[in-house]
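Data first, discussion second: the structure below is written as C-alpha cells.
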Amino acid sequence: MDICKTFENASKCSVNGMPMECFMVLSTQAQKISIATLCGLFGTLCIFENSVVLYLIFSSPGTRRKPSYIFISSLALADLLASIIFVSSFVNFHVLNGTDSSKELFLLKLGGVNTSFTASLSSLLLTALDRYVSISRPSEYKLLVTRKRAWAALGVLWAMCVTTASLPILGWNCCTLNSTCSELFPFVDDNYLSSWVCLVMALLGCIVYAYAHVLWRAHQHVAYMGKHQAQVGKQNSRMRMDVMLAKTLVMVLTVLVLCWSPVLILMIYSIFTKLTNHLRKVFAFCSTLCLLNSMVNPIIYALRSKELFSSLRAVFFRFKRRLRGMDDSPEGDSGHKSSVAETVCEDDVHVT
C-alpha cells in the first residue's frame, strides 16, 4: 500500500475509500503476535487485579468509607474499563485488521478509551489533592474531605472526562470539519489531539506539583517526629500513615510518567511533523505501556497499603477454609449417605 507508506494524504485517507488501512501499521505476523501477546497478558492481569482491588475496597466497611479509597476505587474502575475497551478495540484493529466499523462506531470506541485513561489520570489528581490536604491541614482534613464531597468530585470528574471524549463523535473530527487529520488516529482532528495532549500535560503538572508539596511536608514530618517522638504520641501513627501513602502514590506517579511519556512525546511530535511508518509502529507498541500502567497500579496498592493487604489476606484465608471444608465435610457426608442408601436398598431386595 504505497499511499499508506508515504502518508502524505493522511487528511484525505480518513475520507476516501480506505479509511482505516493507512493506520494499520503492523505489517508482519510477528509484530501482530507480539501485540496480541502483550495485550492479552497485560489485559488479563489488569482486569483481574483491578477487580480484586474494587472488591477489597467495597467489601470492607473500613475502606469504602474513606475518601482516600473512594478515589483509589475510581482509579481502579477507570483502569478496569480502559483495559477492557483498549484491548478489544486495539487487537481488533491492529491484529485482526477489523475494517467493518463505521466512523461513528470507531469514534465511540476511541471515546471509551479516552474517557477511561483521562479518568485514570484525573483520579490520580484527586488522590494527590487528598494527600495534599491530609498533610498540609491535618487538623481540618475530616471537615474538608468528606465522603459526600469525594463522591461529588468523582461525579464532576467522570462527567468532564465523558464530555471531553465525546467531542469527536459530536462533530469535532476531521471528516466533519474537513480539516487535517491526525497521523496516529483515524478521523481525529489534529487540533483536538493537541487539546487533549495539553489536558493530559496539565493533569500531570498538577499531580507533580501536589506530590512535590506532599513529599516536602512528609520530610518535615519525619524530621519533626525524630526530634519530638515522646511528645507526638498518638499523632505519630497518623503521620507515618500519611508518609507511607504519599510514597505509595509517588510510586504510582513515577510509573505513570514512565509509561505515558513515550506516547505523549510521539503525539506531540506527530502534530508538528510527518511521522514515518517506523515511528507509527513504535507508537503502536508504546501504546501497550499505558495498559502496563493500569496493570501495575493495583500491585502497588497491594504491596504498600496495609489495609488492602490485610483484606486480601483475610479473603485468601476465608477461601482456603472453604476449600478445606468442601474437602472434609461434603465428601464424607455424601459417602456416608450413599453407603446408607446402598444398605437400605440391599435390605429391601432381601425382604422382597
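The values are calculated or read from the model by the stated rules, or taken from the named source; none is laboratory data. Bear in mind that the values here come from a model prediction, so they are computed numbers and not experimental data. Heads up, the Cβs are rebuilt from the backbone with ideal geometry, glycines too, and the neighbour counts pull from every protein chain shown. Only protein heavy atoms, including side chains, enter the accessible area calculation; ligands, DNA and RNA are left aside. Shrake-Rupley method; radii C 1.70, N 1.55, O 1.52, S 1.80 Å.
General observations
- Selection of the stretch 145-179 for residues being open to solvent by 50 Å² or more (accessible area, probe 1.4 Å) and modelled with pLDDT under 90 yields Thr176, Leu177, Asn178.
- Cβ separations smaller than 7 Å between residues 6+ apart or across chains give the following pairs from the stretch 128-146 residues that are under 21 Å from Arg64 (Cβ atoms) to residues that are open to solvent by 70 Å² or more (accessible area, probe 1.4 Å): Leu144/Arg137.
- Residue-level check: of (1) under 19 Å from Phe48 (Cα atoms); (2) of a type outside the set (Gly, Ala, Ser); (3) at pLDDT below 85, Tyr69 misses just (3).
- Annotation note: of Ser182, Ser134, the sole residue that is of a type in the set (Gly, Ala, Ser), open to solvent by less than 20 Å² (accessible area, probe 1.4 Å) and touching a strand residue (DSSP E or B) at 6+ places or on another chain (Cβ under 9 Å) is Ser182.
- Test: residue in the stretch 92-99 that is closer than 22 Å to Val197 by Cα, open to solvent by 10 Å² or more (accessible area, probe 1.4 Å) and among the aromatic types (Phe, Trp, Tyr): no
- Pairs, first touching a residue at least 40 places away in the same chain (Cβ under 8 Å) in the stretch 280-292, second open to solvent by 40 Å² or more (accessible area, probe 1.4 Å) and in a helix (DSSP H, G or I), C-beta under 6 Å, six or more apart: Thr288/Leu38
- For the stretch 287-326, the set of residues classified as within 19 Å of the chain's Cα centre (by Cα) and either open to solvent by 30 Å² or more (accessible area, probe 1.4 Å) or small (Gly, Ala, Ser) (or both) consists of Ser287, Leu289, Leu292, Ser294, Val296, Ile299, Ala302, Leu303, Arg304, Ser305, listed by residue number.
- Elements of type helices (runs of 4 or more DSSP H) in the stretch 106-224, at least 3 residues being among the small types (Gly, Ala, Ser) and on the phi < 0 side of the Ramachandran plot: 147-170
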